[in-house]
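Student: Can you keep this structure in mind? I'll have questions shortly.
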Amino acid sequence: MNFGWLCSHESYQPEVLVDQAVRAEAAGFDLVLGSDHFHPWVDENSAAGFVWSWLGAAAAETERVELVTSVTCPLFHYHPALVAQAAATVDRLSGGRFMLGVGTGENINGGPMGYAFPGYKERIARMGEALEIMHRLFDGEKVDFDGEYYT
């Protein structure tokens with residue numbers, strides 16, 4: 001069994017979360033997970049740091065723990081190719097300690113950006129295309145993709 005520590009970007013500023021990652025590693029946790037939300041969940045005094053920048057800092061300050069997105073949505077405000085690039089970069093910076101966690105998103109992240117949040121059926125279809133694009137990029141392919149949602 002592995003134990004993980006969630007660094008909640010909705011609750012703390014990124015520099016505090018880097019310190020939490022270091023302390024979690026020292027305490028023996030196996031994973032440090034970073035939430036990826038565009039908008040704070042509580043109020044204007046909440047935080048909403050950018051998980052991908054934080055992951056680079058956490059990779060530089062830790063040595064053993066696996067770093068995980070919990071979770072990134074490669075469907076709307078990130079293109080799947082950009083997520084693949086970010087994930088590959090963090091994996092290299094961390095010496096292979098990165099795990100990409102993905103999900104289909106929620107309206108709290110899309111609403112503030114002004115786009116309509118689709119139903120679950122469409123989000124699942126988008127995720128299928130996104131995963132195919134990312135897997136092919138991770139495999140080193142030059143991707144020429146013509147799907148319903150991504151080209």
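What follows draws every value from the coordinates through simple rules; no lab data is involved. Predicted, not measured: the structure shown is a model, and the values here were computed from it. Positions of Cβ are generated from backbone atoms using ideal geometry, with glycine treated the same way; all protein chains shown enter the neighbour counts.
Student: Would you calculate the separation in nanometres between label points at Asp144 and Tyr120, each defined as 7 Å from the Cα along the Cα-to-beta-carbon direction?
Tutor: Output for this residue pair reads 3.8 nm.
Student: Is it possible to state the helix-based mean residue ellipticity at 222 nm for the chain, with each DSSP H run of 4+ residues giving -39500 (n - 2.57), the sum divided by total residues, to the nearest 500 deg cm²/dmol? What is it?
Tutor: Calculated mean residue ellipticity at 222 nm is -12500 deg cm²/dmol.
Student: Moving on to the next point. For the chain, find the longest principal axis of its Cα atoms and tell me its angle to the long axis of helix 120-138, 0 to 90°, nearest 10.
Tutor: It is inclined by approximately 70 degrees.
Student: How high is the relative contact order of the stretch 4-138, given as a whole-number percent (alpha carbon pairs under 8 Å, six or more residues apart)?
Tutor: Once normalised by length, the contact order is 23 percent.
Student: Give the shape of the chain as rounded, prolate or oblate, defined through the alpha-carbon gyration tensor: a ≥ b ≥ c are the square roots of its eigenvalues, a/c under 1.5 means rounded, and otherwise the shape is prolate if a/b is larger than b/c and oblate if not.
Tutor: Note, shape of the chain comes out oblate.
Student: While we're on this one: Taking only Cα atoms, what is the 0 to 90° angle, nearest 10, from helix 14-26's long axis to the longest principal axis of the chain?
Tutor: 60
Student: Hey, another quick one. By average Cβ neighbour count within 10 Å, what is the ranking of 121-133, 70-82 from highest down?
Tutor: 70-82, 121-133
Student: Now, a different point. Taking +1 at the Cβ of each Lys and Arg and -1 at the Cβ of each Asp and Glu, which of Pro112, Ala81, Gly96 sits farthest along the dipole of the chain towards its positive end, judged by Cα position relative to the Cα centre?
Tutor: Gly96
Student: Still on this structure, please answer the following. Quick check on the exposure proxy: order Asp91, Asp19, Asp144 from fewest to most C-beta atoms within 10 angstrom.
Tutor: In order of increasing Cβ crowding within 10 Å: Asp144, Asp19, Asp91.
Student: I've got another one for you. Placing +1 at every Lys and Arg Cβ and -1 at every Asp and Glu Cβ, with all other atoms neutral, what dipole size does the chain have around its Cα centre, in debye to the nearest 20?
Tutor: The dipole of the chain has a size of about 120 debye.
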